[in-house]
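To start, the structure under review is shown below, and the notes come after it.
Quick note: the coordinates plus some simple rules give every number you see, no bench work behind them. Note that the structure is predicted; figures quoted are calculated from it, not measured. Here the Cβ is made from the backbone with ideal geometry for all residues, glycine too, and neighbour counts use every protein chain on show.
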Amino acid sequence: MPSFVLSSAPPSSPIQVFDAIRALAFVGDLSMGQPVDHSTRTAWLASQLAAATGQGEATQGHAACVSLLRWSGCTANAPEFSDLLGDDVGGRRTMLATGSARAAADFAGSVGPLAEIHCEVSGDIARTLGMPAAVELPLRHIFETYDGRGKPNGLDASRIPGEVFLVSIAGDLEILSRVHGLSNALRYIAERADARYPAFLVDAVQRHAVDWLHGLEQGAATEALPSPGTLQGATAPLELIADVIDLKLPWMTGFSRRVAEAARRCAAELGLDAAQQQRVYRAGLIHGIGRASVPNSVWDTPGVRSEADAERLRLVPYWTERAARRIDTLRAEAELASFVDERLDGSGFFRGVKGPAIDTECRVLAAAAHWVALCTGRPGRAALPDADAASALRAEADAGRLDAQAVAALTGHPRAAAAVPSSNDAALLSGREVEVLGRISLGESNKEAARSLGISPSTVRAHLENIFRKLGCTTRAAATLKALTLGLL
């Protein structure tokens, strides 16, 4: 595990549930290589389709929420998609734009294990958010198809929630019309009738598609979307967004939480007030939103990158800033977070601003993120020991790139006591099980975890079986997310 750990259990940082859903939709769209309004447009189309086929307001709201959360599990299987396609972002963009019904079905049939990961994680996210069953269950079966050949379970149509079909065809209409034009999109959708979704939904789309797409062009998707009444006033932990972001890269498990806590502690050391400490903490949690736009292969490649890859990395904070424009209650934090890669000498990105243009809170977050990065191992580079990380951070301050006071505050206490989960949560897993899950969550295989812990692979496998049973999970990504949510990792 990374050597930089939390000094205490992180403060609770709730946001409105619907804002959490919108943030997850933004991350999902980036991960799938889609425009950042794709899920919002799909949600509006799904609700219109539900209304056009006689569904009530409740179903319209459920379909909208399922659309927004449909890609919330895609960071969890990004490593597997990267192994399969090389480019997890571009590969999924191509997959979604495939017009041929046969080619699309063939590809979908080849990624069963990846669909299982996605569905379990997105369903667990919905449960954590307090979504009703009419949202959670469709997410757990989002890749099932009307002909019974879908994933992950190959369910008969009678057992598939209707919201699955509403969202599936709405998503196809949004993407295929944008990529191939409306007439081709309608032809491709017609080829999927009674295969991917029932024919009566295809008929409704054929009748209304022109008007619906015109409505989208007129900005209809920016209007308030229908949502379940149970969401009124409900909140969710912002830490969940951080954990979902970090699932994309196993070696970054818990990274955003560590950045957030380091920034909060640094702000306190510098005498910033409570509101400022909370703001830099929340900004630390979401500073990695834009990472979803960059393929895992780029993040995992050590050494010199191509100019194209370097440009994608420079745009990561830009995409975080774009999130600020879409979620009012996170506007200040996302704007702050978008300065995470700026440097005092102007050598940072994406703005390239310098000195006075970077305020104290931004300086704190930039130093904290760089500090945690130095203390975190990644492919091709081990985590630096505390003393070496402190020296490297001070060198950045001496060179005029990072704020000297923030660096001094961070390096004055390089190692802090580990956070202790509540007694009820701690009782879920034994100490050894936490160690095993900690290694697995970082992307290690059973053999690698066994070697790290000095035990046999069969013992690791036995511990994993117990961990999955206790946490109610079947995939490693879901177990990691649940353990983070409970404070076990």
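Name, by its number, the condition in (1) part of a helix (DSSP H, G or I); (2) within 15 Å of residue 89 (Cβ to Cβ); (3) within 13 Å of the chain's Cα centre (by Cα); (4) not aromatic (Phe, Trp, Tyr) that does not hold for residue 244.
(2)
Go through region 259-274 and report how many residues are closer than 13 Å to residue 371 by Cβ and surrounded by fewer than 24 Cβ atoms within 10 Å (Cβ to Cβ).
Adding up the residues that qualify gives 2.
Of the numbered conditions (1) surrounded by fewer than 24 Cβ atoms within 10 Å (Cβ to Cβ); (2) touching a residue at least 40 places away in the same chain (Cβ under 8 Å); (3) more than 16 Å from residue 42 (Cα to Cα), residue 126 fails exactly one; give the number of that condition.
Result: residue 126 fails condition (1) only.
Could you figure out which of (1) crowded, with 21+ Cβ neighbours inside 10 Å; (2) out of contact with any strand residue (DSSP E or B) (no Cβ under 6 Å at 6 or more places or on another chain) isn't true of residue 54?
All conditions pass for residue 54, except number (1).
Within region 163-184, take every residue that is in contact (Cβ under 8 Å) with a residue 40 or more places away in the chain and over 26 Å from the mean Cα position of the chain (by Cα) and give me the one that is surrounded by the most Cβ atoms within 10 Å (Cβ to Cβ).
Looking at residues that are in contact (Cβ under 8 Å) with a residue 40 or more places away in the chain and over 26 Å from the mean Cα position of the chain (by Cα), I get 180.
List the helices (runs of 4 or more DSSP H) that sit entirely inside region 36-135 and contain at least 2 residues that are under 19 Å from the mean Cα position of the chain (by Cα).
The helices (runs of 4 or more DSSP H) meeting that bar are 38-52, 57-69, 78-85, 88-96, 112-128.
Please note which helices (runs of 4 or more DSSP H) are completely contained in region 437-489 and include at least 3 residues that are closer than 18 Å to residue 74 by Cα. First the steps, then the outcome.
Working: elements: 446-453, 457-471, 476-485.
Qualifying helices (runs of 4 or more DSSP H): 476-485.
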